[in-house]
Each structure stands twice: as C-alpha cells, then as structure tokens.
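Report on the following structure.
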Amino acid sequence: MKRYSKSFNSLWIGEIVSEFGGAAGAIINGLLLYELTGSREWMGILWLVYFIPSLVLQGISSPFLNHVIKEKVLKNIQLIRAGAYLLPLVGFWMGTDTGTIIGLVVLQCILGLLQPIFASLSFSLLPEICTDEELADANGLLDGTLRLMGFLAPGVTSLLLLLVPMQWIYSISSLLFFISFLALSRIPQSSKQKAAVWNKKFWWSELKEGYRSFFSYPQLLRLTLLSSTVQFAVGATLVLSVPFIRGELGGET
C-alpha cells in the first residue's frame, strides 16, 4: 500500500469499511424482517424495494454523474447511509413492529438509490488519484478487497449475533459508514465540476453516446452479462437463505 497515493489509501479504507458495514446490514435486514413477519412475500418486497430503484437509477444517472464533484458526493452518500441505518433502530425504540418494518423499507429504498451512484463514482475516481501505471493494479486491489469483505461479513456478523442483539448490528453498520465518511473526507477535491446544461436534450444525447460506446465493445458486453448473472444468483440466494434456514430447517439465527 505504500506505493499508492494518500488519496487512494483513503478511498481504499473507506471502501473496505463501507462494504463490510453494508454486507452486514444487508444480512440483518432480511433476518430481522423475517423474524418480525415470518413472511416470504415480505422478503421479496424488501429486496424489490432495493433492486428496482437501483436498476432504474443505474440506467439513467450516468450523464449527470459526469458533472459532479466526485469526492464531495461520495462523502455525502456515506453520511446519508450512516443516518439511514439508524431508521430500523428508531422503529425498534418506538416499540412497534410496524415502525421497524417501515424503517427497514425506507432504508432499503435509500440504499437502492445510493449504492449505484457510490459504486460508479468510486471507481471513476481512480484515474484521478492513481497514475496510469498504477491504475490496473489499484483497480484490482480495490475490487478484490470489496469481494473479500463481502465474503467475510456474513461469518463475522453471525458471530456478532452471539454477543449482541440483532438490532444493535445497525448501530455497528452506521458507525462503519461514518468511519468511511471520515476516511473519504481525507481525499482532496481535485476534480472540477464541469458546466452542464441540465435539460432533457443534454441527458438524452449523453445517454445515447454512453450506450453506443458500451455496445461497441463485445467483450465488455459479454463480461457485463456474466457479471449480471452472477449478481442475480447471489441476490436470489441472499433472499432465499433466511426463509429456508429459519423456516424450512428450523435453524437458529
């Protein structure tokens, strides 16, 4: 890590903490909802609330993301997510299952809207904080570390459930996102906001150019289809695992 810039180190640390907190929170979201409702249908609704806004925003937001100050937006997203993870706790403190369920649904919607923006901006920031020679290695290190955190988080979260009540995992996730905010705050704002004409014509022309460029690379298209299939399988397993283990097998949390 010494050969990378301080800006990359800050981004790397912020991403590690953020990914771990997000993966831990995602597991608890489904588990808590199933404990409250015992309903598989509610599990499906909870994740549709996440995926539908996420998919829609990914398809239409790129033209605008080219004209924002990346470092500032990344920090703000982490601060918003840190606060959003406290919403289920507010419902729990109110002492009503309805309040907790509403907090979970609102949290999932916020995460679905913010995650694609954060992921896009964090990787697009790499060329600005790394040299051309470092770029491939830095991209591999960042992506590989995120996958590792996603792999480790379920086991560590399960161990935490042996020590603390389920609801308090949200406090841990919120704290981790705040730590990520602090880490990202160390990245100087080197990128300049470009002047953009915010109208339908601008958005449509930028969007068409982006899709035209994307489809001109067959290997990129095939890689995207492969990655999407894998992510779909992972998401389906995440939704099904809690009802199967808790309901069909009668297992413990």
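Among S173, S158, which is the only one that is among the hydroxyl-bearing types (S, T, Y), part of a helix (DSSP H, G or I) and farther than 30 Å from K72 by Cβ? First the steps, then the outcome.
Values: S173 fails: farther than 30 Å from K72 by Cβ.
Going through S173, S158 in turn, just one is among the hydroxyl-bearing types (S, T, Y), part of a helix (DSSP H, G or I) and farther than 30 Å from K72 by Cβ: S158.
If you go through the range 52-99 one residue at a time, how many are closer than 30 Å to E128 by Cβ and not polar (S, T, N, Q)?
Narrowing the range 52-99 to residues closer than 30 Å to E128 by Cβ: 53-85.
With not polar (S, T, N, Q) added as a condition, the list becomes 53, 55-57, 59-60, 63-65, 67-75, 77, 79-85.
So the answer is 26.
Only one of these is of a type outside the set (F, W, Y), out of contact with any strand residue (DSSP E or B) (no Cβ under 9 Å at 6 or more places or on another chain) and surrounded by fewer than 21 Cβ atoms within 10 Å (Cβ to Cβ): N29, N66. Name it. Show your work before the answer.
Working: N29 fails: surrounded by fewer than 21 Cβ atoms within 10 Å (Cβ to Cβ).
None of the others qualify; the one that does is N66.
Matching residues to (1) touching a Phe, Trp or Tyr at 6+ places or on another chain (Cβ under 6 Å); (2) under 25 Å from S122 (Cα atoms); (3) in a helix (DSSP H, G or I):
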| position | (1), (2), (3) |
| --- | --- |
| R3 | no, yes, no |
| N9 | no, yes, yes |
| V17 | no, yes, yes |
| A23 | no, yes, yes |
| E35 | no, no, yes |
| Q58 | no, yes, yes |
| V68 | no, yes, no |
| K72 | no, yes, yes |
| I77 | yes, yes, yes |
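Here is a check on your reading of the model: is A136 more than 21 Å from F177 (Cα to Cα), small (G, A, S), assigned to a helix (DSSP H, G or I) and out of contact with any Lys or Arg (no Cβ under 6 Å at 6 or more places or on another chain)?
Against the criterion (more than 21 Å from F177 (Cα to Cα), small (G, A, S), assigned to a helix (DSSP H, G or I) and out of contact with any Lys or Arg (no Cβ under 6 Å at 6 or more places or on another chain)), A136 qualifies.
Could you go through the range 93-107 and let me know if any residue there is within 20 Å of E19 (Cβ to Cβ), buried (at least 17 other Cβ atoms within 10 Å of the Cβ) and touching a Phe, Trp or Tyr at 6+ places or on another chain (Cβ under 9 Å).
yes
What residue, among those in the range 37-56 that are small (G, A, S) and assigned to a helix (DSSP H, G or I), is nearest to C109 (Cα to Cα)?
Within the range 37-56, the subset small (G, A, S) is 38-39, 44, 54.
Subset that is assigned to a helix (DSSP H, G or I): 44, 54.
On the way: G44: 13, S54: 8 Å.
Going through the qualifying residues, I end up with S54.
Return yes or no: is V56 without any contact (Cβ under 8 Å) to a residue 60 or more places away in the chain and β-branched (V, I, T)?
On the way: without any contact (Cβ under 8 Å) to a residue 60 or more places away in the chain: yes; β-branched (V, I, T): yes.
Yes: the conditions hold for V56.
Across the range 185-209, what is the total count of residues that are surrounded by 13 or more Cβ atoms within 10 Å (Cβ to Cβ), of a type outside the set (S, T, Y) and at pLDDT below 80?
The number of residues fulfilling the criteria is 5.
Being surrounded by fewer than 19 Cβ atoms within 10 Å (Cβ to Cβ) and not small (G, A, S) is true for just one of L87, L79. Which residue is that? Please lay out each step first, then the result.
Numbers: L87 fails: surrounded by fewer than 19 Cβ atoms within 10 Å (Cβ to Cβ).
Checking each option against the conditions leaves just L79.
So which pairs qualify, if the first residue must be in the range 127-151 and in contact (Cβ under 8 Å) with a residue 40 or more places away in the chain and over 15 Å from R3 (Cα atoms), the second must be surrounded by 15 or more Cβ atoms within 10 Å (Cβ to Cβ) and among the aromatic types (F, W, Y), the Cβ gap must be under 7 Å, and the two must be at least 6 apart or on different chains?
T145/W12; M149/F20
The values are calculated or read from the model by the stated rules, or taken from the named source; none is laboratory data. Worth saying up front: this structure is predicted, and the values here are computed from it rather than measured. With ideal geometry, Cβ positions are generated from the backbone for all residues, glycine too; neighbour counts draw on all protein chains shown.
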